[in-house]
1. Just the number please: accessible area per residue for the range 1-54, 1.4 Å probe, all protein chains included, in Å².
2. If you count only protein heavy atoms with a 1.4 Å probe, what accessible area per residue comes out for the range 61-141, rounded to a whole Å²?
3. From the protein chains alone at 1.4 Å, what is the descending order of accessible area for VAL23, VAL32, largest first?
4. What does the accessible area of PHE128 come to, in Å² to the nearest 10, when a probe of 1.4 Å is used?
5. Looking at the chain as a GNM with Cα springs under 10 Å, which of ILE63, ILE19, ILE73 has the largest mean-square fluctuation?
6. Give the label of the value calculated from the structure for mean projected area of the Cα convex hull in nm², choosing from (1) 8.5; (2) 9.3; (3) 10.2.
7. Across the range 129-141, in residue order, what do the Karplus-derived ³J(HN,Hα) couplings come to in whole Hz, using 6.51 cos²θ - 1.76 cosθ + 1.60 with θ = phi - 60° and x for Gly and Pro?
8. Can you give me the % of accessible surface on the chain that is carbon or sulfur? Probe 1.4 Å, all protein chains present, nothing else counted.
Amino acid sequence: LPYRILPDINEYILSLKGIYHNVKIIDPYLEVNNSNTINEYLSYFVDFQHPSLKGHALISKKIINKIDPLLDIDFKFTDNCDSYILINDNNEKIFSANIKDLKNSLEININWLEENIKYSSAPFMHKFYLEKAKIKRKICN
């Protein structure tokens, strides 16, 4: 994955599987890479490395499955402002984003992307994530 995790680091982390009984390793690589479209793939991230809410939901599901393989949870995203429903069996819990925190995160992300686009070897990706963050900021205002 370009701009994601360095392959050597990922290989080392994955090599720890099964070595320590109290250490569980998850790997969302297959789910992310099996995306049907490039936009679906990119939706797992807010920039080159950091997971979006969708990415965090996938990571959470993988962690929960490692802790309790019989526990089946799902996330249903209810808007474009990071609100979602956590579903377990017939139980549902609604989570709404703190708009102040969301705005702050968006501003940090936007500022970082604007500042670092000039150093990028792939400015089109910076522009993609920058535009996505600006749209979200406008929608969630």
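The values are calculated or read from the model by the stated rules, or taken from the named source; none is laboratory data. Here the structure is a predicted model, which is why all the values come from computation and not from measurement. With ligands, DNA and RNA removed, areas are computed over all heavy atoms of the protein, side chains included. Shrake-Rupley method; radii C 1.70, N 1.55, O 1.52, S 1.80 Å.
1. Values: 3870 Å² over 54 residues.
I get 72 Å² per residue for the range 1-54.
2. So the range 61-141 comes to 73 Å² accessible per residue, rounded to a whole number.
3. Details: VAL23 60, VAL32 10 Å².
Most to least solvent-accessible, the answer reads VAL23, VAL32.
4. 70
5. The residue with the greatest mean-square fluctuation here is ILE19.
6. Among (1) 8.5; (2) 9.3; (3) 10.2, the one calculated here is (3).
7. The phi angles translate into 5, 5, 4, 4, 5, 5, 5, 5, 4, 5, 5, 8, 6 Hz.
8. 56
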